[in-house]
Amino acid sequence: MNYKGKELDTMGELFDFALKLAKEEDKTESQEFFREYIKQISIKNNYSLEKSTEIAKLNLGYFAGYYNQDVCDLIYKTYNCSHPIFGNKPFEVSPEEAYKKGLERGKDIMKNGRTD
């Protein structure tokens, strides 16, 4: 993705930039970035803006779960998203619960196919 001349080639680069904007607390800039991210998903995949918005929120919410609760809270608030499996509190889930949820999700995908 190219945003204002900045190449964001990986999900890590995109997330780091989204986090930087969230930390700056510039709601206008972060929302402009988010709209462009959604637009890029839509164009690249020929998806509706509705589906692209859902994917963008899932991506940011999921990726935030690799950080810590403070980062999650900031990302969730800024981009109105959450972790797609564990909701707003992914760090309150035990390893056993995480494994069980992952197993359930994998079985669901095997049975019903991917929905994205």
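So here's what we get for this one:
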| quantity | calculated |
| --- | --- |
| Near pairs, Cβ below 6 angstrom, 6+ apart or cross-chain, from segment 75-87 (in a helix (DSSP H, G or I)) to any residue that is at pLDDT 95 or above and of a type in the set (Phe, Trp, Tyr) | 79/34 |
| Hits in segment 2-37 (condition: surrounded by 18 or more Cβ atoms within 10 Å (Cβ to Cβ) and over 13 Å from residue 79 (Cα atoms)) | 8, 14 |
| Tally of residues being more than 30 Å from residue 48 (Cα to Cα) and among the aliphatic types (A, V, I, L, M) across segment 68-116 | 2 |
| Matching residues in segment 59-74 - criterion: being surrounded by fewer than 20 Cβ atoms within 10 Å (Cβ to Cβ), part of a helix (DSSP H, G or I) and free of Cβ contacts under 8 Å to residues at least 40 places away in the same chain | 62, 69, 70, 73 |
| Candidates 29, 97 - the one that is touching a helix residue (DSSP H, G or I) at 6+ places or on another chain (Cβ under 6 Å), among the acidic types (Asp, Glu) and part of a helix (DSSP H, G or I) | 29 |
| Hits in segment 38-58 (condition: more than 11 Å from residue 1 (Cβ to Cβ) and crowded, with 16+ Cβ neighbours inside 10 Å) | 42, 47, 52, 53, 54, 55, 57, 58 |
| Some residue of segment 37-49 being touching a strand residue (DSSP E or B) at 6+ places or on another chain (Cβ under 7 Å) and in a helix (DSSP H, G or I) | no |
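The values are calculated or read from the model by the stated rules, or taken from the named source; none is laboratory data. All values derive from a computational prediction rather than experimental measurement. Quick reminder, even Gly has a Cβ in these numbers, built from the backbone with ideal geometry, and neighbours come from all protein chains shown.
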